[in-house]
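The values are calculated or read from the model by the stated rules, or taken from the named source; none is laboratory data. In this text the structure is predicted, and so the values were computed from the model without any measurement. Note that each Cβ is placed from the backbone with ideal geometry, even for glycine, and that neighbours are counted across all protein chains shown. Protein only, heavy atoms only, side chains kept; ligands, DNA and RNA dropped before computing areas. Shrake-Rupley method; radii C 1.70, N 1.55, O 1.52, S 1.80 Å.
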Amino acid sequence: MRPRQASRDLCRALEFEAYVAGAGGRLLHTATLLTAEAPDDNPHARRLLIRALAHTYASWDRLRGDDPYEVTRRYLAIRFAHGVRHRHRGLLRSRPLPQSPLARLSPRERLVLVLRFHEGVAEERTAALLGLPADRVRTICHRATAALLDPPREPAPAVGGVEAAPS
């Protein structure tokens with residue numbers, strides 16, 4: 001390998017390493033929210049993030065001028081959405097955290113909420129990323145927000161072997 005090419009490869013690797021050190025934690029948190037896994041037990045979120053980072057690294061030289069975080073986040077969302085459509089039980093239903101409010105939502109609702117509220121992506125950009133009309137994204141977002149704010153009610157506990165009548 002020529003010294004110039006080796007120097008360029010080293011510089012590229014160091015730049016990418018610095019990027020991952022700075023953005024990796026937030027991206028992992030985003031992937032964990034998407035998969036609704038426990039933060040300390042999230043193999044599918046980690047696999048999703050590794051794919052997104054590998055894609056970003058492969059196109060690192062072409063990113064000059066583009067935000068690498070945006071590219072990685074976009075790929076992360078696209079891969080997750082692709083998994084929703086093609087593997088209903090694989091990536092999506094693996095091990096969601098049962099106590100997590102996000103586990104109650106559909107994968108599409110999680111994706112919209114995470115992009116809109118956690119990542120702060122505008123409604124129009126979210127719609128373009130997902131290939132949906134903006135009003136559809138707005139509807140999904142409102143429905144998912146309502147589901148989070150109004151959790152399902154638990155039946156009243158039995159008192160003396162008799163269940164309480166619903167009110």
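Quick rundown of the values:
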{"item": "Fraction of accessible area attributable to carbon and sulfur, segment 1-88 (%, probe 1.4 Å)", "result": "56 percent"}
{"item": "Integer Hz, Karplus 6.51/-1.76/1.60 couplings in order for segment 107-120, x for Gly and Pro", "result": "x, 5, 5, 4, 4, 5, 5, 5, 5, 6, 9, 6, 8, x"}
{"item": "Placed amide H near Glu37: partners under 5 Å, 5+ positions off or other chain", "result": "Leu97"}
{"item": "Neighbour net charge for Glu15 - beta-carbon separation under 13 angstrom, K R +1, D E -1", "result": "0"}
{"item": "Distance in nm between pseudo-label sites at Arg62 and Ala122 (7 Å out along the Cβ direction from Cα)", "result": "2.5 nm"}
{"item": "Per residue accessible area of segment 14-76, 1.4 Å probe, in Å²", "result": "51 Å²"}
{"item": "For segment 100-151: accessible area per residue (Å², 1.4 Å)", "result": "50 Å²"}
{"item": "Net +/- balance of residues flanking Val137 in space, Cβ distance below 9 Å, scoring K and R +1, D and E -1", "result": "0"}
{"item": "Under 14 Å, Cβ to Cβ, from Leu63 - net charge with Lys/Arg +1 and Asp/Glu -1", "result": "0"}
